[in-house]
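To start, the structure under review is shown below, and the notes come after it.
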Amino acid sequence: MRININHPELFATVFQSVTGEKLYRPITGICTDSRLIKNGDLFIAISGSKADGHSFLNRIESKGALAALVRKVDKNCKIQQIKTSDTINELAKISTQWRNRFDIPIVGITGSNGKTSTKELLVHILSGKFKVHATEGNHNTKLGLSLTLLKLEPHHEISILEMGASIPNEIDNLCKIARPTHGLITNISTAHLEGFGSLENIAHEKGALFRHLTDGISFVNMADKMVSKIPFSGQKITFGLSPDCDFPADICHDNGTLTLVLETNIIPTNSFNLSFLKNCIASSAISITLGVDWNELKEKLQSFSAPNGRCNVKQINNITVIDDTYNANLASSLAALDYLYAFSGKGRKIFVFGDMLELGDSAKKQHQQVGKKCSELGLDGVFTLGIHTKHTNSTIGNGMIKRHYKTRDNLIQDLRNHIVSGDKILFKGSRGMQMESIIHGVFEN
C-alpha cells in the first residue's frame, strides 16, 4: 500500500510527537511495498510471513525514499532510519495522533457480511451532503486502517471506516486507533468461524465497536438476533423489520424486483438482491440520523451501482452474469442463491461455486447446506470448484446437472460448452478462490 502525505510539515510534527524522532527531510508519502516507492516516501519495513521489508532498504533508497521506520537498522543503508520495536504498532500510534486532530463524525462499520457493500452505499449517500473520507476497497486491517486515517484532510467533514476481524481483540484494537463516534454491526454469521470458534465469540468480537461508543451512537440491527443482544454504550438507534424500531422497514416484491418501505417512504429499488435491501435499511438509519433528507436518500438509493464482485449484474452475449465473487460464507452464499432464484423470465439458472474458506471443522456441514439450498430451489445446474465444494456437489439431488472440478481450466472449458443464450449464471466463492478468473476465462478469451 502507498498513500500521499499532502501536509509534510504537519505530519512531521505528529511523527515527532509519537516517535520522539525528528524527520530530517519533508515526507510526501508513506509506503509499505518497496515496489511502489516514490521520491520523498517514508517506508514502513514490515516483517511478514513471505518477505521481510528490511531486506529491501537498499532498493527503496535507490528509488528515492527519504526515511524508513524499521525494527532493525541497516548500517549499509544511508537514508534516515527510525527504530521501533513494532513498525505496524508505531504507525498505528501515529495514525491515532493524526485522527485526534479532527473533530468530525467517524463511522465504524463491522460485521460478518456486507461491510464493504454497506460502506460503499453509505459513501454514495453521504457524499451529497458531506465531504467524505472513507476506507478504500477493503483495507480494514490494522495496517490498512492506519494508512486510511493518515489520508484524513482538513476539508473532510465525515469519515466512514470499515473494520475487519479474523483474530480475537482485533476490533477492540481498531477502535482504539480510530476512536469512532458512530458504529454499525451489519450482522453476525459464521464468517471466520475458524478464528473464533463460535457465533457467541464472533458477536463478542464485533461487539467491541458498540462497547467503545460510550459518548457515541450504536446503530443496532434488530432483525439480527445476535446483533440485537450485543451490549452497547452511549446512545442506541435501532433499525429492522419490526414496527417498534426507531427506523422500521419493510421489503415488498414488485414485478420481480424489491421495493423498500422506510417509515412511510416507498422506494422502488429495481434490485433483486435482498442483501442490498438490508444494506439500504442500515445505511438509511445512519444517513437520516446524520441529517440527510428523505428525498435525497431516495435518489441516492436508486442511483447506487454495486461494486464489482458484489452481486454485480451484467449481460454478456445475452447471458446474465451475476458476479458475486468478492467473498463467500454461508449466509452470503444462501442470500446469493435467493438472488439468483428471484430472477424472472425464461432461461436456465446456474450456480458456479468455489470453496468457502476459513470455516474450520464446520466446512463440510456448511458446504452441504449450500447444496441442500440448491436442491430446494431447483436450479438447472451447479458447477463446483475446489476441495470443500465436493460436499456441496454430493448433497445435490441426481435430478439436477451437477459437476465438480479440481482445476479452473476444466471448469472454464465445460462452462463454455454448456452455457447458452438466456442463461442466468451466478459466480461465487471465497476471495482466495479468485472466482472472477472463471468469469474472465469463460467470457473474455
Sequence-distant residues sharing a close amide H with residue 405 (under 5 Å, placed H):
384, 385, 386
Check: C-alpha center the range 379-411 vs C-alpha center the range 160-221, spacing in Å is 35 Å
Calculate the spin-label point distance for residue 86 paired with residue 200, positioning each point 7 Å from the Cα along the beta-carbon direction, and give it in nanometres.
2.9 nm
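Let me have the relative contact order for the chain, percent, based on Cα pairs under 8 Å that are six or more residues apart.
Numbers: 916 pairs, mean separation 44.3, N = 445.
Over the chain, the number comes to 10 percent.
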Using a Cα-Cα cut-off of under 26 Å, which lysines could be cross-linked to residue 176, ignoring same-chain neighbours fewer than 8 residues away?
22, 83, 93, 115, 119, 131, 142, 151, 206, 229, 236
Mean separation of Cα contacts under 8 Å (at least 6 apart) over the residue count of the range 312-443, i.e. the relative contact order in percent, is 38 percent
If r is the Cβ-Cβ distance from residue 257 to residue 78 and R0 is 56 Å, what FRET efficiency results, to the nearest 0.05?
0.35
For the range 2-85, whose charge dipole is built from +1 on Lys and Arg Cβ atoms and -1 on Asp and Glu Cβ atoms, the candidate among 6, 23, 44 with its Cα farthest towards the positive end is 44
Please check the chain for the longest run free of trypsin sites (Lys or Arg not before Pro) that are loop-located per DSSP (anything but H, G, I, E, B) and have at most 14 other Cβ atoms within 10 Å.
230-345
Note down the Stokes-Einstein diffusion coefficient of the range 59-104 in µm²/s, whole number, using a Kirkwood radius over alpha carbon pairs, 25 °C, and 0.890 mPa s.
202 µm²/s
Across the range 273-283, in residue order, what do the Karplus-derived ³J(HN,Hα) couplings come to in whole Hz, using 6.51 cos²θ - 1.76 cosθ + 1.60 with θ = phi - 60° and x for Gly and Pro?
8, 4, 4, 4, 5, 5, 5, 4, 5, 4, 5
Measure off 7 Å from each Cα along the Cα-to-Cβ vector at residue 264 and residue 437, then give the distance between these two points in nanometres to one decimal.
5.5 nm
Semi-axes in Å, largest first, for the range 222-281 (Cα gyration tensor, √(5λ)) are 25, 12, 8
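Can you compute the charge dipole magnitude of the range 112-155 about its Cα centre, using +1 on each Lys and Arg Cβ and -1 on each Asp and Glu Cβ, nothing else charged? Give it in debye, rounded to the nearest 20. Don't skip to the end; give the middle numbers.
Working: 6 positive and 3 negative charges, 19 e Å.
Approximately 100 debye in magnitude.
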Quick check on the chain: helices-only [θ] at 222 nm, where DSSP H runs of length 4 and up contribute -39,500 (n - 2.57) each and the sum goes over total residues. Nearest 500, please.
-10500 deg cm²/dmol
Spin-label model distance (nm) - residue 169 vs residue 401, 7 Å beyond Cα toward Cβ:
5.2 nm
Using the Cα centre as the reference, give the magnitude of the dipole from point charges on the C-beta atoms of the range 312-443 (Lys, Arg: +1; Asp, Glu: -1; all else neutral), rounded to the nearest 20 debye.
260 debye
Computed curve, the range 184-312, Cα-only Debye sum without solvent term, log₁₀ I(q)/I(0) at 0.09 Å⁻¹, is -0.28
Rounded if a/c is under 1.5, else prolate if a/b beats b/c, else oblate: with a ≥ b ≥ c from the C-alpha gyration tensor eigenvalues square-rooted, which is the range 87-192?
oblate
Karplus-derived 3J(HN,Hα) from phi for the range 217-225 (6.51 cos²θ - 1.76 cosθ + 1.60, θ = phi - 60°), whole Hz, x at Gly and Pro, runs 10, 9, 9, 10, 7, 6, 7, 10, 4
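Report relative contact order for the range 2-85 in percent, whole number only (criteria: Cα-Cα under 8 Å, sequence separation at least 6).
It rounds to 22 percent for the range 2-85.
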According to the square roots a ≥ b ≥ c of the eigenvalues of the Cα gyration tensor, what is the shape class of the range 102-303, taking rounded for a/c under 1.5, prolate for a/b larger than b/c otherwise, and oblate for the remainder?
oblate
Find, to one decimal place in angstroms, the Kirkwood hydrodynamic radius of the range 2-85, where the mean of 1/r is taken over every pair of different Cα atoms and then inverted.
12.7 Å
Quick one: among 384, 214, 116, which has the greatest mean-square fluctuation in a GNM of the chain with alpha-carbon springs under 10 angstrom?
214
Mean projection area, nm², convex hull over Cα of the range 1-151:
9.8 nm²
Let me test this: with uniform point scatterers at the alpha carbons of the range 287-382, what is the Debye-based log₁₀ I(q)/I(0) at q = 0.22 1/Å?
-1.14
Set the Förster distance to 30 Å, then compute FRET efficiency between residue 155 and residue 22 from the Cβ-Cβ distance, nearest 0.05.
0.60
What three numbers, in Å, describe the spread of the alpha carbons of the range 312-443 along their principal axes, ordered from the longest?
41, 28, 25
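May I ask you to derive the FRET efficiency for residue 413 and residue 342 from their Cβ-Cβ distance with R0 = 30 Å, giving the value to the nearest 0.05?
So, using R0 = 30 Å, E works out to roughly 0.50.
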Compare the Cα positions of 288, 259, 127 along the charge dipole of the range 102-303 (+1 at Cβ of Lys, Arg; -1 at Cβ of Asp, Glu; about the Cα centre) and return the one farthest towards the positive end.
127
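Coordinate-derived values only; no laboratory data. Note that this is a predicted model, so its numbers are computed, not measured. For neighbour counting, all protein chains shown are included, and Cβ atoms are generated from backbone atoms with ideal geometry for every residue, glycine included.
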